[in-house]
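**Student:** If you scroll down you'll find the structure; I have some questions about it.
Please treat every number below as a calculation from the coordinates, not as lab data. Note that the structure is predicted; figures quoted are calculated from it, not measured. Note that we place each Cβ from the backbone using ideal geometry, even for glycine, and neighbour counts take in every protein chain shown.
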Amino acid sequence: QIMSQVEGQQKNLVQAIEALPSSGPLSALDQDLLLLKATSAATLSCLGECLTLLQQSMHQVGQHHNRTLSSEGILGWPGPKSHSTEQLKNGALSSLSSASANITWAIVPSVAQDGQALQPNTEHSASELILVEDEMTDTEDNEEEDLGVMDDQRSVILHLISQLKLGMDLTRVVLPTFILEKRSLLEMYANFMAHPDLFLSIAAGATPEERIICFVEYYLTAFHEGRKGAVAKKPYNPIIGETFHCSWDVPKDKVKALRTTGASTVPKDPTKEFGQDQSTCYKLRFVAEQVSHHPPVSCFYCECKEKKMCVNAHVWTKSKFMGMSIGVSMVGEGVLYLMEHEEEYVFTLPSAYARSILTIPWVELGGKVNINCARTGYSATVTFHTKPFYGGKVHRVTAEVKHNPTNTIVCKAQGEWNGTLEFTYSNGETKVIDTNKLPVIRKKIRPIAKQGPLESRHLWQHVTNSLKEGNIDAATEHKHRLEERQRAEERQRVALTMPWKPKYFAKEGDGWLYLNPLWKT
């Protein structure tokens, strides 16, 4: 009863604040009032959870004394039903201006050019040619300005926070445009391959021990370029059917085995620019696709035919509101295949957190990930440490490589994933890698004019251009148009009971596999 009363009082408070004018000495977007609204909603949510826990423990005590207490007899608190929560579920935040709030985190179905069929022609989809000769070295800098939140932006974020519950899934929550990064999530996964020379060096390892250590070295250096800087901006959510293609030309003399001097090197002709003479380069090709809408699942596949190695991964992103931060879990796994050695390395991905979302947001990685090769008996544990509340360093990472049959630790690593990493090997040798000084090999990508309508940069070009010009209203409008067409396509598919069929990946068990992987060909 008390909870119902408090809920009513909180609802009155919210209505009173939202009834205020949008400007003037005391407005509905006054920062103190927004903070009051956010705090009262969070407090109510917390009390509701406490009540649930109390009822559960009473229920257990009752069962312990052999009392039959039906679950229907327990009064559950359904959570606040304020009109603002209802609006949130419906994806409409009325008091937010459309200019700053029409961006959703929903992974919505795909859109094509007006009048074009979205579902790829399945007879030709797998054999669609992505012409390598059309690819050009990417000139995008991927740099993002710091997101020092302006006062008007802080009001928008406060208003949003005031309507969220702790632990709430953010998949469908409307987010302001100014927090968007100028690239799709699919392209962010491609940027994890910014050091393809380290990736290809894994296959050059002479022993299973060397190969897994090489993999850990590559893995630890992959995130700083994919997660450009510590700026907490969010890549575009890929729409269902969206794809991203690119490749790298990796100079053969850059691909060396770890700590061994016998690595084959090709003398470099200084007059030739990297990537021009294909005979001195390995070709690494990458394709990513958004294969599912609910849940939002992205797949990517990367291969180098000459090195007989490829990686296949599927990732489901789950976002959660955590008070003053937002957590994104990357659920799923990837498998690295080294065909020459008949080895498969299964790996997982860390979670990401956007911290201090009301001041200057920043990103940190957290959680324990595993890399495991069943054939060789080697495994690695990588721990991304989140910063403690008081003191402590940011972006810390530690790793340990173990030979399980003998329970021997063969390598340890520590440092920062976006700074300096120190590796210590079982023979006492050490090695330091400064991720900021590693040479980046730029990816090659076809110009937008030669891309299909569902390729990331073609699809998002108007949003990206508007963001580059600082025109948030135009970016929001373009994004809104995409969303509306996507929803219409989804409704059409539901009406025709036609499930979406991905172009490059097929569901297999709990995961997704590339249709034409290297191990099949």
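**Student:** In nm, to one decimal, how far is the His462 label point from the Ser27 one, both placed 7 Å along Cα→Cβ?
**Tutor:** It is 2.9 nm.
**Student:** Right, next: Could you state the number of Å between the C-alpha centres of the range 285-335 and the range 2-23?
**Tutor:** If you average the Cα positions of each part, the centres end up 41 Å apart.
**Student:** A further question follows. Rounded to whole Hz and in sequence order, give me ³J(HN,Hα) for the range 237-254 from the Karplus expression 6.51 cos²θ - 1.76 cosθ + 1.60, θ = phi - 60°, writing x for Gly and Pro.
**Tutor:** 6, x, 8, 4, x, 5, 10, 9, 10, 7, 8, 10, 9, 9, x, 4, 6, 8
**Student:** Ok, one more. Using the Kirkwood radius over Cα pairs, work out the Stokes-Einstein diffusion coefficient for the range 349-447 at 20 °C and 1.002 mPa s, in µm²/s as a whole number.
**Tutor:** The calculation lands on 136 µm²/s.
**Student:** While we're on this one: Under a plain spin-label model, where a point goes 7 Å from the Cα along Cα-to-Cβ, how far apart in nm are Glu422 and Thr139?
**Tutor:** About 4.3 nm separates the two model spin labels.
**Student:** Taking the alpha carbon gyration tensor of the range 406-459, what are the square roots of 5 times its eigenvalues, largest first, to the nearest whole Å?
**Tutor:** Ellipsoid semi-axes (Å, largest first): 41, 15, 10.
**Student:** Taking the Cα atoms of the range 296-398, report the difference between the largest and smallest coordinate on each principal axis, in whole Å and largest first.
**Tutor:** 50, 29, 21
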